[in-house]
Amino acid sequence: MNAENSSSYIPIVVILVISVIFGVVISSFTPQVFPTQASAEAEQVDNLFRVLLGIGGAIFFLVQGALVWSIVAYRAKPDDDSDAPHIHGNTTLEIVWTAIPAVIVFVLAVLSFQVWTSIREEKANEQIVEVVGQRFNWSFTYAIPEAMRVPDGPTSITVPELHVYLNRPVKLEMTTPDVIHSFWVPAMRVKQDLLPGRTTEVRFTPVELSPDGGFPVVCAELCGGGHGGMRSAVIVHEDEAAFNAWLENALPESGDPAGAGRQLLESGALPCAGCHTLDELGWTGQVGPPLNDVFDTAARRVPGLTAEEYIMQSIREPGAFVVEGFPPAMPPFTEDQISQQDLSNIVAFFRSLSADADDTSVSDEAADVDADETADIEAGDEAADEAGVGDDESADADLAAQGREFLLSSAVQCAACHTQDDLGWNGRVGPPLNGIYDTAATRVEGLSAEEYIRQSIREPSAFVVEGFPPAMPPHTEAMVSEEQLDAIIAYFRSQSEEAASE
Ligand code: CUA
């Protein structure tokens, strides 16, 4: 009986031994497919992983081995229809299979905690870098050393890649303005979530020079349409001198708006690259409209808006001009996020990319048209004065005719959005303008029809009519002069009077 018992343990012992061997094999070979150990912390992390993998591998083969052995050794004979023995409870077995995992888990907890505290420990002489992860890019902000600062110049610089140098411990302070992201540098063996409303930290000490293009930085938390492209790189410089040389070179030169605009966009301080394509800067985002040739396109997008105005407003208030075929996904950028100076630098950069940059730009032509129209109307006024058109009624009729002519000219493009039967307009984007003078009088208490129309043209967002998008651009005096505005209003008033007299 005893001999029989002990002989039945032999296969179990064999499987145990084989399992342990497999565990050792898998834990020794798997780390070879890992990326290089580029940080001082990498070895600790890998060793811990090896222990986990060894134990996990042994258990995997133990379970699978027992399964395969049972299937082969205990399969039913073809003519055996009997039930297997009913077994209930085995105290020894239950103690064993509870105690062994408990010990394993406890050992792993202690080992993990040691590694965790060791890699998070504050190091001497840490280089602190502020990291912002937002949909869909990474940016890294460094304080500029006193010695490199220009008087009244910037005190920090933001760049799209993480620059560090050998053996200098780095501490990253990470924030996100939108959703959860995860900063992961496989080569450094660090991964840390960025959480809205909190600053999270991660530390590592680079010990290996980066290859061309740097060690990859990856976002490891699904954060939206551009998640897969939310990548950056860690560039490891040889020493402090090499790092400072890079920093010196990265500092903006003063007096070059297009250069400053380029630098800002390249820095990744703004998340444009995640959504837009711009070959010049190597952007490949697909969420929003491509920005190649944006300066030329912008000049044609909204009648009466120059390329500069269009680009600026598109950034401040992107909902105003959503490009067909793209979602209205872009957030507005306030002055806190992009200063007026930065905004004009960005526009200067786009202008510098324009093929027409040195020629007469489309926006200049549009301005010329405006000027011509103004001249026409002024000439008309003078002609009327000279002809001695004295009485108010015919002066009004004259002004109304000028307003009509102006609206029919190509100087303003109201027809694209508004319906006006008298002018043959059939736009559907904005409210119809038939009977506008009478409607205008009823729209806002305390405002006369004239005041309402005037303000609606100068500042359309003030009175958006229900059921219509706030799509109309404001028309400044450069686009519609006060005289032209008077003429337009006179024209609309003349329609109302006609209506009344009919
Ligand atoms: Cu950020 Cu995924």
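Working only within segment 184-194, note down all residues that are more than 12 Å from the ligand (Cβ to nearest atom) and either at negative phi or free of Cβ contacts under 8 Å to residues at least 12 places away in the same chain (or both).
Going through segment 184-194, the residues more than 12 Å from the ligand (Cβ to nearest atom) turn out to be 185-192.
V185, P186, A187, M188, V190, K191, Q192 - these are the residues of segment 184-194 that are more than 12 Å from the ligand (Cβ to nearest atom) and either at negative phi or free of Cβ contacts under 8 Å to residues at least 12 places away in the same chain (or both).
Picking from E308, E335, E324, which residue would you name as being free of Cβ contacts under 8 Å to residues at least 60 places away in the same chain and not in a loop (DSSP other than H, G, I, E, B)?
Among E308, E335, E324, only E308 is free of Cβ contacts under 8 Å to residues at least 60 places away in the same chain and not in a loop (DSSP other than H, G, I, E, B).
Of the conditions (1) among the hydrophobic types (A, V, I, L, M, F, W, C); (2) within 16 Å of the ligand (Cβ to nearest atom); (3) closer than 30 Å to E308 by Cβ, A258 fails just one. Which one is it?
(2)
Return the only residue of A66, A76 being of a type in the set (G, A, S) and in a loop (DSSP other than H, G, I, E, B). Step through it out loud before you land on a result.
Details: A66 fails: in a loop (DSSP other than H, G, I, E, B).
Of the residues listed, the single one that is of a type in the set (G, A, S) and in a loop (DSSP other than H, G, I, E, B) is A76.
Within segment 273-288, how many residues are buried (at least 19 other Cβ atoms within 10 Å of the Cβ) and touching a residue at least 12 places away in the same chain (Cβ under 8 Å)? So that I can check it myself, show each step before the final result.
Restricting attention to segment 273-288, the residues satisfying the condition of being buried (at least 19 other Cβ atoms within 10 Å of the Cβ) are 273-276, 278, 283, 285, 288.
So of that shortlist, the ones also touching a residue at least 12 places away in the same chain (Cβ under 8 Å) come out as 273-276, 278, 285, 288.
So the count comes out to 7.
Looking at segment 150-174, which of the residues that are over 20 Å from E121 (Cβ atoms) and surrounded by fewer than 17 Cβ atoms within 10 Å (Cβ to Cβ) is modelled with the highest pLDDT?
The qualifying residue modelled with the highest pLDDT is S156.
Could you pull out the residue among V170, V179 that is of a type in the set (A, V, I, L, M, F, W, C) and within 19 Å of E41 (Cα to Cα)? Don't jump to the end; show me each part of the working.
Values: V179 fails: within 19 Å of E41 (Cα to Cα).
Result: V170 is the single residue among V170, V179 that is of a type in the set (A, V, I, L, M, F, W, C) and within 19 Å of E41 (Cα to Cα).
Just wondering, is there one or more residues in segment 40-62 that are surrounded by fewer than 15 Cβ atoms within 10 Å (Cβ to Cβ) and either outside any helix (DSSP H, G or I) or modelled with pLDDT under 85 (or both)?
There is no residue in segment 40-62 that is surrounded by fewer than 15 Cβ atoms within 10 Å (Cβ to Cβ) and either outside any helix (DSSP H, G or I) or modelled with pLDDT under 85 (or both).
Six or more apart or on different chains, Cβ under 8 Å: which pairs go from a residue in segment 140-161 that's in the same structural domain as F183 (by TED's automatic domain parsing) and closer than 21 Å to F183 by Cα to one that's part of a loop (DSSP other than H, G, I, E, B) and of a type in the set (D, E)? Could you list them?
F140/E161
Only one of these is outside the structural domain of P151 (by TED's automatic domain parsing), within 16 Å of the ligand (Cβ to nearest atom) and touching a residue at least 24 places away in the same chain (Cβ under 8 Å): L270, L264. Name it.
L270
If a residue has to be within 16 Å of the ligand (Cβ to nearest atom), in contact with an Asp or Glu (Cβ under 7 Å, 6 or more places away or on another chain) and among the polar types (S, T, N, Q) to count, how many in segment 117-146 make the cut?
Residues that pass the stated criteria total 1.
More than 16 Å from the ligand (Cβ to nearest atom), under 26 Å from D342 (Cβ atoms) and crowded, with 21+ Cβ neighbours inside 10 Å - does that describe any residue in segment 215-225? Steps first, answer last, please.
First, the residues of segment 215-225 that are more than 16 Å from the ligand (Cβ to nearest atom): 215.
Then drop every residue that is not under 26 Å from D342 (Cβ atoms), which leaves none.
No - not one qualifying residue is present in segment 215-225.
Please work out which one of (1) within 26 Å of E238 (Cβ to Cβ); (2) part of a loop (DSSP other than H, G, I, E, B); (3) among the acidic types (D, E) is the condition D178 fails and give its number.
Checking D178 against (1) within 26 Å of E238 (Cβ to Cβ); (2) part of a loop (DSSP other than H, G, I, E, B); (3) among the acidic types (D, E), the one that fails is (1).
Take G430 and decide whether it is under 33 Å from the mean Cα position of the chain (by Cα), assigned to a loop (DSSP other than H, G, I, E, B) and either exposed (fewer than 15 other Cβ atoms within 10 Å of the Cβ) or of a type in the set (D, E, K, R) (or both).
no
How many residues does segment 234-249 contain that are of a type outside the set (A, V, I, L, M, F, W, C) and either surrounded by 13 or more Cβ atoms within 10 Å (Cβ to Cβ) or closer than 23 Å to W184 by Cβ (or both)?
Total meeting the criteria: 3.
Table: residues versus (1) within 24 Å of I157 (Cβ to Cβ); (2) within 16 Å of the ligand (Cβ to nearest atom); (3) among the charged types (D, E, K, R); (4) in the same structural domain as D178 (by TED's automatic domain parsing).
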residue: H227; (1), (2), (3), (4): no, yes, no, yes
residue: S232; (1), (2), (3), (4): yes, yes, no, yes
residue: E240; (1), (2), (3), (4): yes, no, yes, yes
residue: C275; (1), (2), (3), (4): yes, yes, no, no
residue: L278; (1), (2), (3), (4): yes, no, no, no
residue: A299; (1), (2), (3), (4): no, no, no, no
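List pairs: first in segment 205-223 and farther than 16 Å from N137 by Cβ, second within 16 Å of the ligand (Cβ to nearest atom), Cβ under 8 Å, 6+ apart or cross-chain?
What qualifies is S210/A233; G213/A233; F215/V185; F215/P186; F215/A233.
State yes or no: is V236 more than 16 Å from the ligand (Cβ to nearest atom), in contact with a Leu (Cβ under 6 Å, 6 or more places away or on another chain) and within 21 Å of T141 (Cβ to Cβ)?
Working: more than 16 Å from the ligand (Cβ to nearest atom): yes; in contact with a Leu (Cβ under 6 Å, 6 or more places away or on another chain): yes; within 21 Å of T141 (Cβ to Cβ): yes.
So V236 fits the description; yes.
Can you tell me how many residues within segment 166-183 are of a type outside the set (S, T, Y) and near the ligand (Cβ under 10 Å from one of its atoms)?
Total satisfying the criteria: 5.
The values are calculated or read from the model by the stated rules, or taken from the named source; none is laboratory data. All values derive from a computational prediction rather than experimental measurement. We place every Cβ from the backbone using ideal geometry, glycine too, and count neighbours over all the protein chains shown.
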